[in-house]
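A.B. asks: One structure coming up, written as structure tokens, with questions to follow.
The values are calculated or read from the model by the stated rules, or taken from the named source; none is laboratory data. Every value quoted in this text rests on a predicted model; they were computed, and no experiment measured them. Because the Cβ atoms are built from the backbone with ideal geometry, glycine has one as well, and the counts that use them run over all protein chains shown. Accessible surface is based on the protein model in full, side chains and every heavy atom, while ligands, DNA and RNA are left aside. Shrake-Rupley method; radii C 1.70, N 1.55, O 1.52, S 1.80 Å.
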Amino acid sequence: MTWIRVSWEHPDAVALRDAMTTEVGVLYGEEPAHANRDGSSGLDPRAVAATVLVYDGEIPIGHAALRRLDGELEIKRMYVPPSHRGTGIAEELIAAMEQIAREEGASRVLLHTGTKQRAAIALYHRHGYRAIPVYPPYVGLPNSLCFEKVLD
């Protein structure tokens with residue numbers, strides 16, 4: 001298992017974000033905050049500091065990105081297909097995001113998720129992320145949870 005940095009537009013990155021969008025769409029259904037959004041929606045590619053893919057041989061099995069947001073770095077679009085969950089890929093992605101954030105000079109990393117993504121919430125807690133107030137641009141969006149991790 002290896003991770004590499006790729007462009008936001010890399011075809012494997014786009015494919016994994018599309019898969020994530022489908023899965024999250026089923027989870028949240030017709031809730032307005034999630035309607036009509038694709039895996040790239042809401043993210044200006046110029047704000048993406050890094051996009052990382054995890055591969056098993058030639059097969060892309062994990063995706064995460066770091067976005068610059070108001071002077072901070074935020075983990076976005078972290079996704080591991082169901083067939084590869086529980087194998088340590090999410091841990092690799094978190095470690096990669098934190099490593100890159102440190103290299104970028106960040107003192108903390110932010111992230112946003114939804115209340116129905118219980119496995120993700122548990123993962124973040126296990127890795128030292130703590131809940132913080134919902135920050136812009138998520139204020140007022142139903143089911144929003146925000147977290148931070150202060151980096152060493």
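A.B. asks: Give me the base-10 log of I(q)/I(0) for the chain at each q in 0.11 Å⁻¹, Debye formula, one uniform scatterer per Cα, rounded to two decimals.
C.D. replies: The calculated log intensity ratios at q = 0.11 Å⁻¹ are -0.38.
A.B. asks: Separate question: Summarise the accessible area of the chain (1.4 Å probe, protein heavy atoms) by the percent that is carbon and sulfur.
C.D. replies: Here it works out to 54 percent.
A.B. asks: Dipole size in debye (nearest 20) for the chain around its Cα centre, Lys and Arg Cβ +1, Asp and Glu Cβ -1?
C.D. replies: 360 debye
A.B. asks: Another question, then. Can you give me the relative contact order of the chain as a percent, contacts being Cα pairs under 8 Å and 6 or more apart?
C.D. replies: 19 percent
A.B. asks: For the range 51-152, state which GluC sites (Glu not before Pro) are in a DSSP loop and have at most 10 other beta carbons lying within 10 Å of their beta carbon.
C.D. replies: Within the range 51-152, the qualifying GluC sites (Glu not before Pro) (loop, at most 10 other Cβ atoms within 10 Å) are E58.
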